Amino acid sequence: MTKQRQIIYDIICTSEEHLSADEIYLEAKSKYPSIAVGTVYRNLGLMVTEGLIQKIPMDGEADRFDKNPARHAHVICEQCHSLSDLPLPDIAEIVRRNTGVIPTSYTLNVYHVCPKCEKQI
């Protein structure tokens, strides 16, 4: 793994948040000033393809990246777009048992209004 790729991977793995590519780039730039934004995007794509991290598509927002590459669900606030893991059994197994279909992948995002945003409504 190149030094730049290791920095990107470490940022993702040590974050308590699900960061966007731009957030990862800004943090990487502070640690490795010569890193290019294209390098971050390219390496994120490679890490997703290799199964090291997970890309979380966000409606109307920048995609986020998750250090946990295993299939799992997320809860997303409709107001502030905060994102958290949602501990559920593997949905792929439930689909297989109930339909006979063997999913190769899935994305399950449950939307809500978080308590912080609820107070502001």
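The values are calculated or read from the model by the stated rules, or taken from the named source; none is laboratory data. Quantities reported herein were computed from a predicted structural model and do not represent experimental measurements. Quick reminder, even Gly has a Cβ in these numbers, built from the backbone with ideal geometry, and neighbours come from all protein chains shown. Areas reflect the complete protein model, heavy atoms only, side chains present, ligands, DNA and RNA absent. Shrake-Rupley method; radii C 1.70, N 1.55, O 1.52, S 1.80 Å.
Using alpha-carbon pairs under 8 Å, 6+ residues apart, how would you state the relative contact order of region 1-95 in percent?
Contact order relative to length: 24 percent.
7 Å from Cα along Cα→Cβ at both residue 79 and residue 93: what's the point-to-point distance in nm?
My value for the distance between the label points is 3.6 nm.
Let me make sure I get this right: for region 36-96, a, b and c are the square roots of the gyration tensor eigenvalues over alpha carbons, sorted descending. Under 1.5 in a/c it's rounded, otherwise prolate if a/b > b/c, else oblate. Which is it?
Since a/c reaches 1.5 but b/c is at least a/b, the shape of region 36-96 is classed as oblate.
Of all the stretches in the chain, which is the longest one without any exposed loop site, taking GluC sites (Glu not before Pro) in a DSSP loop (any state but H, G, I, E, B) with at most 10 other Cβ atoms within 10 Å?
So the longest stretch without any such site is 51-121.
Which whole-number value in Å² is the accessible area per residue of region 1-52, probe 1.4 Å?
58
Taking the alpha-carbon distance from residue 116 and a cut-off under 13 Å, which aspartates and glutamates remain once sequence neighbours fewer than 8 residues away in the same chain are dropped?
Those aspartates and glutamates meeting the cut-off are 78.
Size of the dipole of the chain about the Cα centre, Lys and Arg at +1 and Asp and Glu at -1 on the beta carbon, nothing else charged, in debye to 20?
Magnitude of the dipole: close to 320 debye.
How much mean residue ellipticity at 222 nm does the chain get from its helices, if each DSSP H run of length 4 or more adds -39500 (n - 2.57) and you divide by all residues, to the nearest 500 deg cm²/dmol?
The per-residue figure over the chain is -12500 deg cm²/dmol.
I'd like to know which of 65, 92, 80 lies farthest towards the positive end of the charge dipole of region 53-100, counting +1 on Cβ of Lys and Arg and -1 on Cβ of Asp and Glu.
Of 65, 92, 80, it is 92.
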